[in-house]
Structures are given as structure tokens and as C-alpha cells.
1. Mind ranking 88-95, 2-9 by how tightly packed they are, going by the mean number of other C-beta atoms within 10 angstrom, highest first?
2. Would you list S30, S41, S65 from the most to the least accessible area, probe 1.4 Å?
3. Compute, for L62, the solvent-accessible surface of its heavy atoms (probe 1.4 Å) with the complete set of protein chains present, and express it in square angstrom to the nearest 10.
Amino acid sequence: MGIGDRIREQREKKNWTQLELADKLGINNSVLSRIEANKRSVEDALVARIADLFQVEADYLLGRSPLGGRAFYGGAHHYTEEEQRVADAAVEAYRRMKGLDKQA
């Protein structure tokens, strides 16, 4: 699955046409069509705009994240220090509950 496939998948989840997405991104529909067909590369700046629009991590679009890369509340890099501490504590509690803290 290429970046174009992931972009198309996210577009279809929003029930947007190619024309609607192209308009939101400020690009020509024919450019988006070639991107979704994996026939045109995507510049870094456009990857970032698409990731922001769909609220997914760029790594997901690039095929580096198998989990879908959902960016909760804008992604962890947008968390406050307190939110990060709470999230870390929740993960640690889950790992203890599942016995995962004993593995490593």
C-alpha cells in the first residue's frame, strides 16, 4: 500500500470527493488523482498538510506506522507536560495490569 492509497483511504473515510480534497489542499484535482494512483510523489510540505487535515501522523501516510497513526488531540508533541505525565502513567498501569512490565 503506497502513500496514495492511504490518502485515498482517509479521503473516503471523510466521504470527500477528490475535487473536495484537492480544493482543501489548494492543489489541482489532476495532481491529487496522480498522487492517489501512486503515480506522483508528494512533497514533504504537502504530506504535512494532508496529515494535519486528516489528523493522522505523517509516518502513517508514509507507511512507517502500521497502526494508522491517529494523532489524538494533535499528537503527543502537542501534549502539555501534565497531559504527558497522565498518558505515561496510564500506559504504565496498563502494562502492569497485563504483566508487560516484566518483559524487556
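The values are calculated or read from the model by the stated rules, or taken from the named source; none is laboratory data. What you see is a predicted model, and the numbers here were worked out from it, not measured in a lab. Every residue, glycine as well, gets a Cβ built from its backbone with ideal geometry; the counts of neighbours run over all protein chains shown. Areas reflect the complete protein model, heavy atoms only, side chains present, ligands, DNA and RNA absent. Shrake-Rupley method; radii C 1.70, N 1.55, O 1.52, S 1.80 Å.
1. Highest to lowest by the protection proxy: 2-9, 88-95.
2. These residues rank, largest area first, as S41, S30, S65.
3. 80
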